[in-house]
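Working notes, structure below.
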Amino acid sequence: MTHPSPAKAFDFGENWSEFSEHALTPARVAQARADFAALLADVPLQGKAFLDIGFGQGLSLLTAASLGGVVHGCDLNPKCAGVLLRNRRYFPEVASNPPVTVGSILDERVLATLKAAGPADGFAVVHAWGVLHHTGNMDQAIRAAAGLVAPGGHLVLALYNRHWSSSGWRMIKWSYVHSPRWLQRSLIGICYPIIYLAKWLVTGKNPKRQERGMDFYYDVVDWVGGYPYEYASRNEIAAQLTTLSFALVKFLPARVPTGCNEYVFQKT
């Protein structure tokens, strides 16, 4: 889950590397597999061209490959390519390293490379979970991702929900990436208990019980530092994709107000 950047941006690749080294376990991999399969339960993958934009630690890309997808990954951060190779040990059924492109989805040269990597009419599935809102231009990133989907294919997105506190969080994230390391650690220390309490009050569940194989601490680091940062309501995203000839076929609302709404669109 890494992205192009203005002068300062969060190092998602480093966070994924530390997560994979210190927190990833077989149980979390199994959970990530199950959550991915549930989200794409009605989307065929066997033998289908699958593109993962912002593959991050690689669990979704590797899960798609294990389900028979003909996969290709794209991520801005070159560190993620190394993390992906390291995490393939959890997927012994995946016979070879998935091909990847390192670069921004906003870069026309990267787009041309991705188009050449898939079928002539586009990918059957384009997956961008928790990614496009960090590119610095979410609108353009969505249009670029949508343009890579084949007719009848699916676009799978997770994007931050619009909330009254979103602008405040954007300021915190901007402050984080413009701060020295010691102050970044202080911000994490301050925000960790606040986020823990807020999630517990909203969901009534232990915040350390994460989805998609995540870890609460590294999720907090990602959240506090994740700049660039944009957000949109369900209606805003549905309206944009409608103009691009997509129909919303599945929607899962964010579990917390500032979390990610999940969408599955089909190109009509």
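Relative contact order for region 78-160: what is it in percent, counting Cα pairs under 8 Å that are at least 6 residues apart?
For region 78-160, the relative contact order is 29 percent.
Can you give me the relative contact order of the chain as a percent, contacts being Cα pairs under 8 Å and 6 or more apart?
Relative contact order of the chain: 23 percent.
Provide the per-residue ³J(HN,Hα) series for region 240-248, in order, calculated from phi with Karplus coefficients 6.51, -1.76, 1.60 and θ = phi - 60°, each as a whole number of Hz, with x at glycine and proline positions.
Result, rounded to whole Hz: 4, 6, 4, 5, 9, 6, 10, 10, 6.
With a/c under 1.5 counting as rounded, go ahead and sort region 61-113 into rounded, prolate or oblate using the C-alpha gyration tensor (a ≥ b ≥ c being the square roots of the eigenvalues; past the cut-off, prolate if a/b is larger than b/c, else oblate).
Judged from the Cα gyration tensor, region 61-113 comes out oblate (a/c at least 1.5, b/c at or above a/b).
Excluding Gly13 itself, calculate the net charge of residues whose Cβ lies under 9 Å from the Cβ of Gly13, where each Lys or Arg counts +1 and each Asp or Glu counts -1.
-2
With viscosity set to 0.890 mPa s at 25 °C, what whole-number translational diffusion coefficient in µm²/s follows for region 118-167 from Stokes-Einstein and a Kirkwood radius over Cα pairs?
208
Antiparallel versus total DSSP beta bridges in the chain: what percent is that, nearest 5?
40
Taking only C-alpha pairs under 8 Å that are 6+ residues apart, what is the relative contact order of region 166-225 in percent?
Contact order relative to length: 44 percent.
In whole Hz, with x marking every Gly and Pro, tabulate ³J(HN,Hα) for region 22-32 from phi via Karplus 6.51 cos²θ - 1.76 cosθ + 1.60, θ = phi - 60°.
Coupling constants for region 22-32: 10, 10, 6, 10, x, 5, 5, 4, 4, 5, 4 Hz.
Could you tell me what a quarter of the Cα convex hull surface of region 166-225 works out to, in nm² with one decimal place?
4.2
Find the percent of Cα-Cα distances in the chain that exceed 28 Å, and round it to a whole number.
Percent of Cα pairs beyond 28 Å in the chain: 30.
Can you return the lysines within cross-link range of Lys250? Criterion is Cα-Cα under 28 Å, with same-chain partners fewer than 8 residues away left out.
Of all the lysines, those that pass the test against Lys250 - Cα under 28 Å, at least 8 places apart if same chain - are Lys48, Lys115, Lys199, Lys205, Lys208, Lys267.
Pop out the ³J(HN,Hα) list for region 119-136 in order, Karplus 6.51 cos²θ - 1.76 cosθ + 1.60 with θ = phi - 60°, rounded to Hz; leave Gly and Pro as x.
Ordered by residue, 3J(HN,Hα) equals x, 4, 8, x, 7, 5, 9, 10, 10, 9, 9, x, 10, 5, 6, 10, 7, x Hz.
Where in region 161-251 are there chymotrypsin sites (Phe, Trp or Tyr not before Pro) that are in a DSSP coil and have at most 12 other Cβ atoms within 10 angstrom of their Cβ?
Loop-located and lightly packed - Trp164.
A short reminder: the numbers here are calculations on the coordinates, not readings from a lab. In this text, all values refer to a predicted model and were calculated from it rather than measured experimentally. All Cβ positions, glycine included, derive from the backbone under ideal geometry; neighbour counts span all protein chains shown.
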